[in-house]
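Novice: Here it is: the structure, laid out below.
The values are calculated or read from the model by the stated rules, or taken from the named source; none is laboratory data. Keep in mind that what you see is a predicted model, and the values were worked out from it rather than measured. Note that we place each Cβ from the backbone using ideal geometry, even for glycine, and neighbour counts take in every protein chain shown. Side chains included, ligands, DNA and RNA excluded: accessible areas come from the protein's heavy atoms. Shrake-Rupley method; radii C 1.70, N 1.55, O 1.52, S 1.80 Å.
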Amino acid sequence: MIQMQRTINIFFKHNFRKQLPSGLYFATPKREVSTEHQHDIHAKHKSKFSEKILSGPTLGSFINKNLEESQQNVHDEPPPPDIVPYLHEISGLGRKVYFDIYGCQMNVNDTEIIWSILKNNNYERTTSLVEADVILIVTCAIRDSAEEKIWSRLNALKGIRKTRKNDRPKLKIGILGCMAERLKDKVLNKNDSVDLVVGPDSYKDLPRLLAVTNNNQKSVNVLLSLDETYADITPVRLNENSVSAFVSIMRGCDNMCTYCIVPFTRGRERSRPVSSILKEIEHLSVQGVKEVTLLGQNVNSYRDISVDSKIDNVTSLASGFKTVYKLKKGGLRFADLLEKVASIDPEMRIRFTSPHPKDFPDEVIEAIRSHPNICKNLHMPAQSGNSAVLEKMRRGYTREAYLDLIKNVRHYIPEVGLSSDFICGFCGETEEQFEDTISLMNEVQFNNAFMFAYSMREKTTAHRRFKDDVPPDIKHSRLQRMIQVHRQQALKLNTSQIGKNHLVLIEGYSKRSCDYFQGRNDQNIRVILPAKEPVPLRDGTSLRMMEKGDYVSVYVNDANSQILKAIPLYLTGLEEFYSAQNHSVVVQMM
């Protein structure tokens with residue numbers, strides 16, 4: 001088609017320029033000519049031009065010629081490979097990729113999926129910005145501060161691009177993830193250093209999108225999907241020596257909380273088939289991974305309808321909770337998945353995040369209670385302690401319902417460790433309403449908490465309906481108050497563990513000193529213990545040095561608001577420890 005167009009252009013250029021007088025196209029003739037004579041000249045030349053057109057090649061001539069060439073190519077040799085210029089450049093050709101990751105654990109898991117895709121397309125990974133040929137920034141859009149970090153990072157990367165040597169391939173910079181989905185146009189318009197913008201559901205398209213940029217074009221794919229779960233991609237762990245791993249089990253969210261951008265950047269809920277989840281966890285177990293965290297935007301609303309969509313089981317919610325959507329029927333649910341995952345390897349710890357409190361019915365609590373390797377650490381995002389604010393947030397519960405759920409959980413799992421999320425300064429929040437949040441924190445006593453000042457997000461319901469009317473200085477003072485209250489609670493909870501035994505999974509050396517190991521207990525609290533002395537087995541028959549990946553029974557002898565300090569007692573296994581200690585309190589579910 002390109003050759004055909006060139007021929008047409010040459011033909012018309014030749015006939016138009018040489019057959020028609022220049023006066024008809026450019027300057028007015030120098031000598032005056034009567035209007036009647038001008039018409040005669042024009043008609044004469046028009047007639048000759050028409051004859052040329054009629055006797056010349058037709059569109060069919062070009063098509064037939066093209067078909068003849070195509071048929072000849074079929075018999076002789078294949079068409080040239082660069083008809084579509086970028087297809088033969090899908091391979092990364094060994095170019096080095098640097099990952100810059102921001103935000104939640106889901107972004108870490110997404111990066112492992114991205115790395116698996118690029119690795120299979122002949123890219124290499126580097127941990128050095130200077131060595132990188134491609135820099136991919138995996139972004140978060142949950143708060144304005146998270147996005148501001150990305151803008152600052154892009155400005156910093158301009159300097160690296162300017163100092164890059166001319167004999168190296170042009171440095172490519174990509175924005176991936178939630179910010180790419182939310183601000184696709186702004187990213188390309190505001191920062192000319194960005195070469196590609198890729199949303200959370202388009203990572204399989206990355207090799208093609210990167211190839212397009214080789215022609216100095218910008219490339220964008222931010223389409224959301226109703227079914228993409230990357231179930232057919234085996235993630236390649238960024239830290240292959242880690243004793244823990246993340247496994248994504250579902251994507252998206254249907255809850256539509258008024259403050260939250262996630263449904264608009266991650267799309268609707270869809271769950272990964274249980275068979276692929278179990279296969280990945282089995283593979284991790286073989287590799288020696290000792291702890292797996294199940295991931296999802298609303299992880300405990302998991303529903304695999306690929307198993308049997310005809311099962312007439314309706315979504316079971318915690319008492320006093322509701323949803324903005326109709327209760328869903330059919331499919332294998334989160335409690336069923338927990339049972340299957342926990343049975344793969346009794347020596348592998350199972351955690352999950354981030355859940356919604358509404359999806360903690362008794363079936364889920366019983367699954368957690370009855371399996372020693374499902375950690376007794378639950379994340380229960382409260383967001384606010386005031387029922388009116390919760391209603392405005394569209395959370396689907398009241399303060400009273402949330403507190404009843406906490407009481408129910410602690411009744412059946414007395415040793416549970418709780419964490420939560422809190423937002424202060426939401427639209428219209430009064431001082432009295434904020435005090436309800438403080439009183440809820442004091443009543444529940446959380447081991448860990450993630451606390452934020454409200455940040456208005458475009459596209460959300462709050463952006464359309466409400467006014468962000470709490471002044472920034474008040475938001476800041478309320479945030480500081482929440483942090484202070486939580487630290488007091490955490491200190492009280494941690495010091496209450498002094499004199500008790502805990503099972504700790506050793507993750508590696510402490511960040512401050514190689515004289516100490518750090519690990520986490522069942523409640524996900526960080527524990528620091530000496531690393532230089534040998535430790536006996538439980539029966540005392542032998543001694544050896546502790547290693548990363550060991551389970552160790554420890555005695556807590558000190559604590560602060562963030563960590564426990566402990567003395568190692570003996571090396572053990574997960575099943576052995578809980579069997580010997582009779583750590584779980586047996587309570588019959590009512």
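Novice: Give me, ordered by chain and number, the residues 5 or more places off PHE352 or on other chains with an amide H under 5 Å from its own placed amide H.
Specialist: For PHE352, whose amide H was placed from the backbone, the distant partners under 5 Å are LEU294.
Novice: Taking all protein chains in place and a 1.4 Å probe, what share, in percent, of the accessible surface of the stretch 251-351 do carbon and sulfur account for?
Specialist: C and S atoms contribute 53 percent here.
Novice: If you roll a 1.4 angstrom probe over the protein chains with everything in place, what fraction of the accessible area of the stretch 420-513 belongs to carbon and sulfur, to the nearest %?
Specialist: Values: 2330 of 4740 Å².
Here it works out to 49 percent.
Novice: Applying the Karplus parametrisation 6.51 cos²θ - 1.76 cosθ + 1.60 with θ = phi - 60° to the phi angles of the stretch 113-129, what ³J(HN,Hα) value in whole Hz is obtained for each residue in order, glycine and proline being reported as x?
Specialist: Couplings: 5, 4, 5, 4, 5, 6, 4, 5, 10, 6, 9, 10, 9, 10, 9, 10, 4 Hz.
Novice: Quick one: compute the contact order of the stretch 159-202, relative version, from alpha carbon pairs under 8 angstrom and 6+ residues apart, as a percent.
Specialist: On the way: 39 pairs, mean separation 18.2, N = 44.
Dividing the mean separation by the residue count of the stretch 159-202 yields 41 percent.
Novice: Quick one: of LYS96/LYS186; LYS119/LYS165; LYS492/LYS532; LYS96/LYS165; LYS376/LYS532, which pairs are farther than 23 Å apart, Cα to Cα?
Specialist: LYS96/LYS186; LYS119/LYS165; LYS492/LYS532; LYS376/LYS532
Novice: Which whole-number value in Å² is the accessible area per residue of the stretch 143-297, probe 1.4 Å?
Specialist: Here the residues of the stretch 143-297 average 42 Å² of exposed surface.
Novice: So, one more: Could you tell me the number of lysine pairs in the stretch 299-375 with C-alpha atoms less than 18 Å from each other, where the two lysines are 8 or more residues apart or belong to different chains?
Specialist: So the count of such lysine pairs works out to 7.
Novice: Averaged per residue, what accessible area in Å² does the stretch 512-586 show with a 1.4 Å probe, protein chains only?
Specialist: The answer is 53 Å² per residue.
Novice: I would also like to ask the following. Relative contact order for the stretch 170-264 using alpha-carbon pairs under 8 Å, separation at least 6, rounded to a whole percent?
Specialist: It rounds to 22 percent for the stretch 170-264.
Novice: Further, regarding this structure: Compute, for the stretch 194-272, the length of the dipole vector about the Cα centre, with Cβ point charges of +1 (Lys, Arg) and -1 (Asp, Glu) only. Units Debye, rounded to 20.
Specialist: Here the stretch 194-272 has a charge dipole of around 40 debye.
Novice: What's the magnitude of the charge dipole for the stretch 482-590 around its Cα centre, counting Lys and Arg as +1 and Asp and Glu as -1 at the beta-carbon? Answer in Debye, nearest 20.
Specialist: Using Cβ point charges on Lys, Arg, Asp and Glu, the stretch 482-590 gives about 480 debye.
Novice: Any idea what the relative contact order of the stretch 451-590 is, in percent, if you count C-alpha pairs under 8 Å spaced at least 6 apart? Mind showing how you got there, number by number?
Specialist: On the way: 223 pairs, mean separation 29.5, N = 140.
Computed value for the stretch 451-590: 21 percent relative contact order.
Novice: Could you compute how much accessible surface LYS329 exposes when probed at 1.4 Å, giving the result in Å² to the nearest 10?
Specialist: The accessible area comes out at roughly 130 Å².
Novice: Using a probe radius of 1.4 Å on heavy atoms only, what accessible surface per residue do you get for the stretch 89-139? Whole Å² is fine.
Specialist: That works out to 37 Å² per residue.
Novice: Residue by residue through the stretch 232-245, what is 3J(HN,Hα) from phi via Karplus (6.51 cos²θ - 1.76 cosθ + 1.60, θ = phi - 60°)? Round to whole Hz and write x for glycine and proline.
Specialist: Couplings: 8, 9, 8, x, 9, 5, 5, 10, 5, 8, 6, 7, 10, 8 Hz.
Novice: Based on the Kirkwood radius over alpha-carbon pairs, what value in µm²/s does the Stokes-Einstein equation return for the translational diffusion coefficient of the stretch 447-586 at 37 °C and 0.692 mPa s?
Specialist: It diffuses with D of about 185 µm²/s by this estimate.
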